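Working notes for the structure below.
Laboratory data are not the source of any read-out in this text; all were calculated from the coordinates shown. Because the structure is predicted, anything quoted here is derived from the model rather than measured. Ideal geometry is used to build each Cβ from the backbone, glycine not excepted, and the neighbour counts take in all protein chains shown.
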Amino acid sequence: MLLLKGGVHIKQQTLRSAGESSKYWICRIDEEYLSRIDEQKILSIANQESNAVKSVKAEDKIVFFSPLSNEKNISFIGYGPVEEAFDDPEYLLDSLKSGRKIKLKGIKYFTEPIPVKDIAGDLKFIKDKKNLPYPFKSEFKEINQEDFNYITRRMNSSKTFPVYFEKMSFTMDEFLTCSIKGTYEIVKNTEESNQIEIKEFIRLLHKFINSYGISKSYEDILEYYSQNVWKLGFQHSPSRNPDNLVKLYGPRGNSQRFGYIKLV
C-alpha cells in the first residue's frame, strides 16, 4: 500500500497475466488467528522475508493447515481462492508481520480436519514420509495441482466456521449429538407414525437446543445433522416430494438425499 500526497492509500496489487497458470499453496493458520482471518478474509504470515508468499497472485489457490493440538497432529482444515495480493506495511496481528497480504475470495472448511499422517503417502510434496512435520516447518509452501486436488476432494467442505474450532468445541459437539439422540427418543415415544420428516425433526431439535440458550440457527443445526448423523446409526427413507429431501453425508463424504427419519 502506497501513501500518496494528502494521506490517501492505494494498494500495490499483484495480478496473474492472461494465460498464466494458477499456482497452488499450503499455508499455516494457527487456531488463535483463525477467527480473525475468517472475518477479514486477509492472510499474512510471521516471516517477513518469505519469497514464497511474495509469489502469490490472484486466482491462486491455498490449502490451510493447522497444528490442532501439537506439531505432530498437523491437519488440513480448508482452502480458498486468492482474490488479490498486495503490499501493506501494517501488521495484521502482532506476530504476523509480513508486508505482503493476501485477500481471499472466501474460505471453505473441511467438515472434519484431515490429519496429514492419514494421506501423507499420497502427497508428492512430502518427500520423507517418516518425518511428517518437516514439510510444514515453512508457513507458506508451493505444492502441485495434483496434491491440491487430492487434499480438497478428501472431505466435504462448508463455508460455515467449523465446530472443531469453536470454544469448548468438544463439549459443543457432545451437546449437539446428545440433543439429537434425546429429541429422537422423545419423538419416537410420542409420534404415532413410524417416521418423521427430517426437516420437521430439525425444527423440533432447533427449538430444543435454543431452550438451553445455545445460539444456533436452524440452518446450522440442519448442516450439523446432515454431516454427522451417520455416526448415530439412524435409518432414513426417501420422499417423493423433492422439497422434503435433505442431503445426508456418510463417513467418506459421499451423500444421498432422504426425506424421513425412521422411528424404529
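Report the gain in length on full extension from Ile186 to Lys199: 0.36 nm times residue separation, minus Cα-Cα distance, nm rounded to one decimal.
Going from the current span to full extension adds 3.1 nm.
Once label points are set 7 Å from the Cα along Cα→Cβ at both Lys247 and Glu146, what is their separation, rounded to one decimal in nm?
Rounded to a tenth, the inter-label distance reads 2.9 nm.
Using the charge dipole of segment 166-262 (Lys, Arg: +1 at Cβ; Asp, Glu: -1 at Cβ; taken about the Cα centre), state which of Leu245, Ile196, Ile180 has its Cα farthest towards the positive end.
Leu245
If you stretched the chain out fully between Ser237 and Asn254, how much longer would it get, using 0.36 nm times the residue separation minus the C-alpha to C-alpha distance? Mind dumping the intermediate values first?
On the way: separation 17, 0.36 × 17 = 6.12 nm, distance 1.65 nm.
The Ser237-Asn254 span can extend by a further 4.5 nm.
Return Glu59, Glu185 ranked ascending by Cβ neighbour count within 10 Å, so the fewest neighbours appear first.
Details: Glu59 15, Glu185 11.
Fewest-to-most Cβ neighbours within 10 Å comes out as Glu185, Glu59.
Say a paramagnetic label sat at a point 7 Å from the Cα of Leu68, along Cα to Cβ; which residues of segment 198-225 have their backbone N under 18 Å from it?
224-225
Setting aside same-chain residues fewer than 8 positions from Lys207, which lysines have a Cα under 26 Å from its Cα?
Result set, ordered by chain and number: Lys159, Lys167, Lys181, Lys188, Lys199, Lys216, Lys231, Lys247, Lys262.
So if we plug the beta-carbon distance of Ser55 and Phe161 into 1/(1 + (r/R0)^6) with R0 = 30 Å, what FRET efficiency do we get, rounded to 0.05?
Computed FRET efficiency for Ser55 and Phe161: 0.55.
Under a 5 Å amide H to amide H cut-off, with H placed in plane at 1.01 Å, what residues pair with Ser75 once short-range neighbours are removed?
Residues meeting the amide H criterion: Ser66, Leu68, Val116.
Can you tell me the relative contact order of segment 120-264? Whole percent, Cα pairs under 8 Å, sequence separation 6 or more.
Contact order relative to length: 21 percent.
Simple spin-label model, 7 Å along Cα-to-Cβ: Ser21 to Ile214 in nm?
4.6 nm
Given points 7 Å out from each Cα along the Cα-Cβ axis, report the Ser138 to Glu39 separation in nanometres with one decimal.
About 3.2 nm separates the two model spin labels.
Which whole-Hz couplings ³J(HN,Hα) result when phi for each residue of segment 176-190 is put into the Karplus expression 6.51 cos²θ - 1.76 cosθ + 1.60, θ = phi - 60°, listed in order with x for Gly and Pro?
Whole-Hz 3J(HN,Hα) from phi for segment 176-190: 5, 5, 5, 5, 5, 4, x, 5, 4, 5, 4, 5, 4, 7, 10.
Apply 1/(1 + (r/R0)^6) to the Cβ-Cβ distance of Lys117 and Asn47, taking R0 = 22 Å, and write down the FRET efficiency to the nearest 0.05.
My answer for the efficiency is 0.30.
Can you sort Val264, Val56 from fewest to most other Cβ atoms within 10 Å of each residue's own Cβ? Intermediate values should be presented prior to the final figure.
Values: Val264 8, Val56 23.
Sorted ascending by nearby Cβ count, the order is Val264, Val56.
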